[in-house]
Structures are given as structure tokens and as C-alpha cells.
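Below is one structure, written out as C-alpha cells, with a few remarks after it.
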Amino acid sequence: MGLQNFFSILLLLSAIFLRFHLSCSQTPLICHSNDSEAFHDFHRTFTSQIHSLHANCSSNCCSCTGLTCDSSGRVVKIELVGIKLAGQLPNSIARFEHLRVLNLSSNCLTGSIPLALFHLPHLEVFDLSFNRFLGNFSTGTLHLPSLRILNVSRNLFNGVLPFHICINSTFIEVLNLSFNDFLGVFPFQLADCVSLKRLHLESNFISGGIPNEISGLRKLTHLSVQNNKLSGSLNRIVGNLRSLVRLDLSSNEFFGEIPDVFYNSLNLSFFVAESNRFSGRIPKSLSNSASLSVLNLRNNSIGGNLDLNCSAMKSLVTLDLGSNRFQGFIPSNLPSCTQLRSINLARNNLGGQIPETFRKFQSLTYLSLTNTSIVNVSSALNILQHCQSLSTVVLTFNFHGEVLGDDPNLHFKSLQVFIIANCRLKGVIPQWLRSSNKLQFLDLSWNRLGGNIPSWFGEFQFMFYLDLSNNSFVGGIPKEITQMKSYIDRNFLLDEPVSPDFSLFVKRNGTGWQYNQVWRFPPTLDLGFNNLSGPIWPELGNLKQIMVLDLKFNSLSGSISSSLSGMVSLETLDLSHNKLSGTIPPSLQKLNFLSKFSVAYNQLHGAIPKGGQFHSFPNSSFEGNNFCVQDDLCASSDGDALVVTHKSRMVTGSLIGIIVGVIFGIIFLATFVVVFMLRPPRGRVGDPENEVSNIDNKDLEEVKTGLVVLFQNNDNGSLSLEDILKSTNDFDQENIIGCGGFGLVYKATLPDGRKVAIKRLSGDCGQMDREFQAEIETLSRAQHPNLVLLQGYCMYKNDRLLIYSYMENGSLDYWLHEKPDGSSCLDWDTRLQIARGAAGGLAYLHQFCEPHILHRDIKSSNILLDKNFKAHLADFGLARLILPYDTHVTTDLVGTLGYIPPEYGQSSIATYRGDVYSFGVVLLELLTGKRPIDMCRPKGLRDLISWVFQMRKDKKVSEVFDPFVYDKKNEMAMVEVLDIACLCLCKVPKERPSTQQLVTWLDKQSQLKMRS
């Protein structure tokens, strides 16, 4: 009994102890009074952005999400990443005296950094990356003795590099100043950071060379200085950095030989020096390196025989030596690099044949030998089929005039990308391709292949790019092609083909352009420039994912089926130079993304559609047919009375046509004047009677129950769909304030008197609700003072409504080109601020928004002005909601005539530099007051860009400026902005500035204007 009592007492004491321990462990930490005061001040600054995050911690900052306290209640970590903090950092942030980690990355913070932050004695991690801080990054008074990581990348800092940073922060290990606008030379004082392991200075404006003093950084593992203006010979001291793992020197102006100093760099794994002016040979310390996994010397002038000691290079995975001056033959010892997966030797002076030893390549997945003058295509294919992992083969500009054999024993089991264009190959499409059932990308263009196009192409489930253009194929288009599943449903695509950061080139009429990844090619079917006959199958309309259909210069006959409107992703449709008859189906007006269209030189008649994108297509798209000029004459039996001739859609030599044209012109002009005087003060409305489709009355009561989702950034409180219907009078045309490729925009006056803009999306909103919501929520995170704020959305059946902030002053297009006295109301200061604001919004989309967003339709009508004439970019990212085919990088939005970059007509791929080109056109509008394209002006003056460039050439710059704003006081600034615009309009995309540079330059002009 005594023993039993003893155990009972012991059990009771254990329970009491455990309960006491748990109660102690659950006692929340109480925030120290000093930190509590600092937090409340910080909280007041960002109340609207972090209220929901910190709603339950107003009395105790240690309970707040993103804040961490130590046992004494002192805040030691503040980690508020990507929560949309906007505005300037308050000085109170520096009152957290015990702070060790400060991470405010991926927000919208602006202004300068409070100087007091540079005096926190315990701060170890300081991360303000991906914000919009600007000005000089002054570190003259910096005293952060505990600092280990400093990351201020992806901001707008300028001035000289902060070279004092190492004086009082000797323990710093990571220094990231990349993607800013720092100037000056590479500071030798950084050598005082003796503990430094990672140094990132890429994408600035650093000049000069690498200083000798840097050799003292014995612990340095990463040195990234790419995309600067460094020049001269590469300093030999880089060989003293024995801990170096990654060295990136790309996109600078280094020249001379790469020094042979890397024998002791036993950890060097990544050596990239592409796009410089290096010459000489590959240093032996690199060509014998056992540690290198990536060697990239692309786009230099390195030459001689290609000598690599692959027996030693056991770690090499990627070898990129494209666009150099190597001679001789392809090294036969490359398979001895047993880990080698990717090889690019394109555009060198190599020759001979692919070595027999390549049969042993088991690791190889990517091979590009474009333009290397190799021969014997049959041998090449026979050897390469033994590379079991090979998925991408690029052999363009080789094997000139040879026969593409049809060896039935060939089999490439992993082949996904096969490009053998511009070789003048003879023969037919080989049967062995049929067994390559993983093929996604096939380019056989610009050869001399003949025969019929095989029907078994329809068996390729994963193919999204097929180019057989510029050959001699005969017969009809195989109907089986209309069954290729990847053109119908993207879900049938395989994973992205293995392709490292190598550029693939495609040639069209001797002009080349490139894509950095295979996946960035648009889904394409190009059969142009052959001898094909027969019909264009109506079933092609089932190919909902195809973006380019090019059938020009064949002998195709029959009519154009209305079912082609089912290709809802189509951007390019070229049916010119065939034998087609009938009319253009009006249903093609539904192709919202169509930006290039031609049916020239066929046997078509009837009316040319006027809706959709057809108003933007030039006369050349329709010439060489028998189209009617006037709709009411199209039904006339005299079909030849008014026709589109080979040179114009206008009629010549017909007196009746002239009289009718004059009468209709007078009526149209009178009507236009009346409508113009009565129009509301906003952008163009279009033809609302044709475009508005009201919600059926029988569905109205159901629609009123639809859910309206508002984001935290909205300022309208709660809102119902019934409120929207009442405030727009059931989407009455009287409330239309704008229209565009994505639908109509309505002004809505809410019950409390506030105004919003409602965009009612048109087109095929074919996404599942969950996907649509995900896209919308992504767009809602794009918040910047110069973007039109997306406040919410509503879905009901086929209706998709987007709720935006209302812009009181309408569009820039309205003020420059439509409002009678609008241009005179916009003085130069206002125009300059509009340019700066629009550039700021665009830079945010390109560089700071996560994920980055391409706008794809920059134009003056998409720059809206609030009551203070502050610029706000509109319509960004909407392509993803209408046709959610691809990522922000690859889905091309329909451009607007006059704003479309020249390269889009060739590649149909939207790019960041393409947005910059369109922005340059907007700058010209601000400077000249003229439209990009104005058919009312005399010939030679209709194209604004050409006219401006000619006037500059003739030294008549002052004559291009809008007389409402031009005077001697503004002349210098206007000339400089004109120079910026012309840089944006450079025909070579790579030579256009980044949006970040635009912001910097326009900021400079604004500051100079304020001082004057």
C-alpha cells in the first residue's frame, strides 16, 4: 500500500509540473515598451496595407505576423515580404534597437532609406530588394558592425557605388547592389570586405576595369558584374580568387585574350563571358578545368582550333561557344565530357562531318550546329540517333544541296525539337520522322523538298510548331493535320523541351530573329510558298490554340470557311496569293487577337468586314480581289462597278463612284461633327448599338445574385452585382465611356456617390472559374501609383466584370487628338509628368511586379488621367483573362496600328523591348500632338515615326514639336525627350533602353524643369 501511495503522489506531482510547464510555455511574450511605441508609429504609416495582417496584435507587437521577439520582448526580426507596403519608410523603423533581421523585399516602398537605419548595432540581414527606393545610396555614415547580408537590388538607386560600405561592416558576406543605376568605376574599397562571399553588381552602369585590390577577397565565391560598361583587358588578378565558384562577365566591353590564370580556381563551376569582344583562344586553365560545369563564351571573337581536354573536364554540363571564330573540325573527344548535356557551336567556321564518336554521347540532350558548314546529312542523322537522350537538334544552314535520305532504320526516341532549315535539301519528308512521337517542334523550311505532305502528321499529339514553308510540296493540305491535339488543347503538350539559355534562330527571307527558349515560339502552322492545291479545310477552326496560320503563295481554292473563327487564339492569318473565291466570312471579326491578316491576290468579292480588328488592316491585305467599296452596292448585280484593284481599294475611273463617294463623305462628315460636339468627355465609344449585348431580362434576377469580389485595396466597401446593374442602368449605352479589344467600359455611379469604371469583358473567357480567379488575383497584386487600380471582379455565367478606379479626365488620346482644345490645355510640364508617370507604371510591370507583366498594347488611349492629370496605365494583363494560353512572356496581345514594333510582324512574340517601342510612339505623340497614323495628312506625312526621323535627318527638329507647347524655354528639354523617344524606336530591339532607364532619364528632365 505504501509503495502504491508513493507512485500516486509521484504521478500527481508529475501532472502538476507538466501543467505548470505548459502554462508557462504558452504565456505570450510581451513587447518591450520602446519597441511597442516604434511599432505603433510604423503601423500608422502603413495602416491601410497591413491592417488585416496585424489586426489582432495592436496591443502586443510580439504577436504580429512577420515580427519576431526574443525572450526579453525585444523585436529582433521584421520580415514583411510582398505585402504591398507602399510609400516611404518612417524613421521609427530605426527605433527597433535590437533588430537583427530587416526584410521588406518585394513591396512598393519609395523615397530614400532613413539614415538612422544605418546605425543599428545588431542588424545582420538588411534586405530592401524589389522596391522603388531611389536617390544616392549614401553610406558615408554607415555603422552596421554586425551586418552580414545587404541586398538592395532591383531598386532605382543612382550615383556612385557605395564604396564606404566595408569600413564599418567588415563582417559582410553578401553584397547585392544589382539592377540599379549606379555609376562610376568598380570601387577598389570593396576589398576591405574581407569576409565577402557574394558580390552582385550586375545591371548597372559601372565602367572601367576590375581593380587589383579585389584579389584580397579570398572568400569570394560569386562575382557577378554582367550587363555593365566594364572595358579593357580582363584583370589577371581574378585568378587569385581561389574560392570563386561563379564568375559572370557577360554583356560588357572587355576585349583581348582571356588570361590563362585559372589553374588554382579549383572550385570554379560557372564561367560566363558572353557578348564581349574577347579574342585569342580558350585559355588552357579553362579547357582543362575539372570543376567547370558551365563554360559560356558565346558571341565573342575567340578563334583557332577548338581544343578541349574532355578527359579532364568531367564536370562540364553546358558548353556554349556559338558566334565565335573557331576553325577546323568539331572535336571528336567531346563525348569524353561524360556529363555534357548541352552543346552550342553555331555560327563558327567549322566544317567536315559530325564525328563518329558522338554515337557514345549518352548524356547529350541539346545540340546546335547552325551555320557551321558541316556536310553529309545522312551520316549526321545516323550518328545522332544513337544519342539516347537527345531532344533538341538544330542543324540549320548546313548540308547545302544534299538529299534528305529516308532511311527506315533511323529512330530518335527522345526527339522533341528538330530544325534543319535553310539547307536547300532535296527529297521528301522522311518516313522515319513518324516514329519520333514526342516531336513538338519541326522546321524544314527553306529547302527544296517535294512530294505530298504526309497524312501521318496528324499523329503528332504534342507538336505545336510546324514550318514546311518555302519548299516544293504538292497536293492538298492533309485533313489529318486538323486533328493535331496540341493545336486543339494545350493539355496535350509535353513538358518544355530541354533547352538551356541558347538562342534559336529562324530565317525568313534572309532576315533572322531569335527566341531564347523553344517554348517562346507561338503555336504555328506555316505551309506558305509551296505548290499546294485543294481546299482550306473548315476543320482547321478546331485548332483553338494555334496562333499563326500561314498558307500564302500556294494554289489553294474554294471558299474561306466561317468556321475558321474557331481559331480563337489566332494572331496571324495569311491566305494571300492563292485561288480562293467567295467572300470573307463576317465571323472572322470575332478573332480578337488577330493582328496580321491578308487575303491579297485571290478571287474574292463582296464586302470587307468592318468590325473587330479589320479596321486596322492596311489596303495591301485586300488588294488583287473584287471587293465592294460600299456595302449597299455589294448586292448590286453589277459586281464590277466598285472593286478593289491591285493597287488600292479605292475606285478609279468611275464617275458614279466619285459622286457617291462625295455624297457619302459629306453626310459622314456632317454626322461626325454633330456626334463629336455632343459626345461625353471621355475616350472613343465606337458603335455601341452593334457592340452592346444587354443581359436577357429573364436572367436579370439570377444575375443579381452574382458574387462581387472586392480586393483589400478597394475603397468602395461592400458592393453587390445589383449595385453595379443599377449604377450602369443595366449596362445602358449612355454609360459607355470607352471601348477596346477586350470589351466596353461603363461609368458606374455607386449608391454613395462614388464612381468606378466597369469593364465588361468580351471574347472567349474560356477559363475555369478557379483559373480566372487566380489570374484576376495576380493582376490585383499589380499595385503602383501609375497603374489603374483593379478593385474587384464579378463572374456570372458568361459575364466577366472587372471593377477599376475611375479616371476623371479620360485618356491621353482624348486630350491630344479628340478634345477640341485638349492639346492646348496640356502644357509641357504636364506632358512631361504624364510621360514620367506612364514610364514608372510600365517599369513596375516589367521589373518589380511579381510575376512580371508585359503590357503588349501601350498607346495613348491606354494612358488614363485622374483629376490631377496624373498618368495611369490601363488594360495591362488582360490577354491572360480572354485567352489564357501562356505565360506573361509568351502570350502576344493584339497591338494597335501605329504602335506595333517592326519585329512583331515577323515573330508574333511580345517582348519587354516591344513595349518600350510602343512607349516611344506615345512620347512622339506628346511631343508633336499628332497621331501615329493619320490618313488625313498629305502623303509622306501620314506615318508619324517616318516623318519625325526624316525631319531629324534634315535638321528640322524644331518643326516637329507641337506649337502649343514649343518655345525656346522648353526647347532643350523637348529635344532631349525626342532623343529618348528615338532610342525607344530603334529597329534593333536589343538597342532600345529598358523601362528603368526611361524612368531615370525622364526623372532627370523633371528635376531639371523644377530647377529652371
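The values are calculated or read from the model by the stated rules, or taken from the named source; none is laboratory data. Because the structure is a prediction, the values reported are computed rather than measured. Here the Cβ is made from the backbone with ideal geometry for all residues, glycine too, and neighbour counts use every protein chain on show.
The set of residues in the range 837-865 that are part of a helix (DSSP H, G or I), in contact with a helix residue (DSSP H, G or I) (Cβ under 7 Å, 6 or more places away or on another chain) and farther than 17 Å from Gly920 by Cα contains only Gln847.
Note on the range 413-472: residues that are in contact with a helix residue (DSSP H, G or I) (Cβ under 9 Å, 6 or more places away or on another chain) and among the β-branched types (Val, Ile, Thr) total 4. Can you find, within the range 525-568, the residue that is modelled with the highest pLDDT among those that are β-branched (Val, Ile, Thr) and touching an Asp or Glu at 6+ places or on another chain (Cβ under 8 Å)? Step by step, filter the range 525-568, then rank; the result is Val548. Considering only the range 162-184, I want to know if a residue exists there that is under 26 Å from Glu257 (Cβ atoms) and at pLDDT 95 or above. No, because not a single residue in the range 162-184 is under 26 Å from Glu257 (Cβ atoms) and at pLDDT 95 or above. Of the numbered criteria (1) modelled with pLDDT under 95; (2) touching a helix residue (DSSP H, G or I) at 6+ places or on another chain (Cβ under 8 Å); (3) under 19 Å from Met547 (Cα atoms), the one Phe617 fails is (2).
Taking the residues in the range 434-457 that are crowded, with 20+ Cβ neighbours inside 10 Å and hydrophobic (A, V, I, L, M, F, W, C) as candidates, determine which candidate is farthest from Thr524 (Cα to Cα). For the range 434-457, the residue satisfying everything is Leu449.
If only residues of the range 413-422 that are assigned to a loop (DSSP other than H, G, I, E, B) and of a type outside the set (Lys, Arg) are counted, the one that is surrounded by the fewest Cβ atoms within 10 Å (Cβ to Cβ) is Ser414.
Residue by residue, here is whether (1) under 15 Å from Thr830 (Cα atoms); (2) β-branched (Val, Ile, Thr); (3) touching a Phe, Trp or Tyr at 6+ places or on another chain (Cβ under 8 Å) holds:
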| site | (1), (2), (3) |
| --- | --- |
| Arg952 | no, no, no |
| Lys956 | no, no, no |
| Val960 | no, yes, yes |
| Phe964 | yes, no, no |
| Lys968 | no, no, no |
| Val975 | no, yes, no |
| Leu983 | no, no, no |
| Lys990 | no, no, no |
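In the range 120-142, the count of residues that are assigned to a strand (DSSP E or B), among the aliphatic types (A, V, I, L, M), crowded, with 22+ Cβ neighbours inside 10 Å and in contact (Cβ under 8 Å) with a residue 24 or more places away in the chain is zero.
Based on what the data block shows, is Phe278 buried (at least 18 other Cβ atoms within 10 Å of the Cβ), in a strand (DSSP E or B) and modelled with pLDDT of 95 or more? Give the derivation first.
Working: buried (at least 18 other Cβ atoms within 10 Å of the Cβ): yes; in a strand (DSSP E or B): yes; modelled with pLDDT of 95 or more: yes.
Yes, satisfied.
Only one of the listed residues (Leu410, Leu425) is surrounded by 14 or more Cβ atoms within 10 Å (Cβ to Cβ) and modelled with pLDDT under 95. That residue is Leu410.
Among the conditions (1) surrounded by fewer than 18 Cβ atoms within 10 Å (Cβ to Cβ); (2) within 27 Å of the chain's Cα centre (by Cα); (3) basic (Lys, Arg), Lys596 misses just one, which is (1). Per the listing Leu292, Leu297, Leu316, the residue uniquely crowded, with 23+ Cβ neighbours inside 10 Å, within 21 Å of Arg236 (Cβ to Cβ) and out of contact with any helix residue (DSSP H, G or I) (no Cβ under 7 Å at 6 or more places or on another chain) is Leu297. Annotation note: of Ile546, Ile536, Ile560, the sole residue that is in a loop (DSSP other than H, G, I, E, B) and farther than 23 Å from Phe464 by Cβ is Ile560.
Quick one: in the range 916-957, which of the residues that are modelled with pLDDT under 90 and among the acidic types (Asp, Glu) is nearest to Ala981 (Cα to Cα)? Checking each candidate, the answer is Asp943.
Does Phe171 satisfy the condition of being closer than 28 Å to Tyr844 by Cα and part of a loop (DSSP other than H, G, I, E, B)? Against the criterion (closer than 28 Å to Tyr844 by Cα and part of a loop (DSSP other than H, G, I, E, B)), Phe171 does not qualify.
Scanning the range 207-233 for residues being under 20 Å from Arg298 (Cβ atoms), outside any strand (DSSP E or B) and touching a residue at least 40 places away in the same chain (Cβ under 8 Å) gives a total of 1. Scanning the range 218-271 for residues that are over 37 Å from the mean Cα position of the chain (by Cα) and aliphatic (A, V, I, L, M), we see that the one that is surrounded by the fewest Cβ atoms within 10 Å (Cβ to Cβ) is Leu266.
What residue, among those in the range 599-617 that are part of a loop (DSSP other than H, G, I, E, B) and under 27 Å from the mean Cα position of the chain (by Cα), is surrounded by the most Cβ atoms within 10 Å (Cβ to Cβ)? Going through the qualifying residues, I end up with Gln613.
Taking the numbered list (1) farther than 17 Å from Pro430 by Cβ; (2) assigned to a helix (DSSP H, G or I) in turn, Trp456 passes all entries but (1). For the range 557-569, does any single residue satisfy the condition of being surrounded by 23 or more Cβ atoms within 10 Å (Cβ to Cβ), over 23 Å from Cys628 (Cα atoms) and out of contact with any His (no Cβ under 6 Å at 6 or more places or on another chain)? So far as the range 557-569 goes, yes, one or more of its residues are surrounded by 23 or more Cβ atoms within 10 Å (Cβ to Cβ), over 23 Å from Cys628 (Cα atoms) and out of contact with any His (no Cβ under 6 Å at 6 or more places or on another chain).
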